[in-house]
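Data block below; observations after.
The values are calculated or read from the model by the stated rules, or taken from the named source; none is laboratory data. Computed from a prediction, not measured in an experiment: that's the story for all the values here. Quick reminder, even Gly has a Cβ in these numbers, built from the backbone with ideal geometry, and neighbours come from all protein chains shown.
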Amino acid sequence: MRRKNIEMLLSAAIALGVAGTASAATEHGKISKIDPAAKTFSLDEGSTTRAFSLGTGGKVMNGSKAITLKDLRVGEYVKVEYAPTGGKLVASRVDVTHKGAARPVKKSY
């Protein structure tokens with residue numbers, strides 16, 4: 001009886017743990033709108049526009065330098081790490097990217 005109760009508790013804990021975690025996602029696109037005061041921005045991804053809000057503790061980065069939403073510009077390409085939360089897309093990290101930029105060539109001597 002005691003073993004069965006433990007198994008049920010473990011099964012419930014696992015189910016709650018899986019249901020309680022939001023899956024993180026990544027999107028790439030061009031910024032089409034920014035509202036630094038509201039901590040929101042929109043991203044054009046082909047023919048789709050998605051609205052994001054920067055989450056509490058969210059980071060905005062340009063390379064290794066931390067910046068703010070005020071530093072971003074419409075037309076810049078970014079990579080956004082986000083999770084759907086309460087019906088909104090909440091960004092945990094925004095990285096400025098350079099579309100079409102050549103990747104560094106690894107040299108061998």
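Residues considered: VAL94, VAL60, VAL90. Of these, the only one that is among the β-branched types (Val, Ile, Thr), touching a Gly at 6+ places or on another chain (Cβ under 6 Å) and modelled with pLDDT of 95 or more is VAL90.
Does LYS59 satisfy the criteria of being under 17 Å from SER32 (Cβ atoms), in contact (Cβ under 8 Å) with a residue 12 or more places away in the chain and of a type in the set (D, E, K, R)? No; evaluated as a whole, the condition is false for this residue. Summed over the range 34-74, residues that are surrounded by fewer than 13 Cβ atoms within 10 Å (Cβ to Cβ), more than 13 Å from ASP95 (Cβ to Cβ) and more than 14 Å from the chain's Cα centre (by Cα) total 10.
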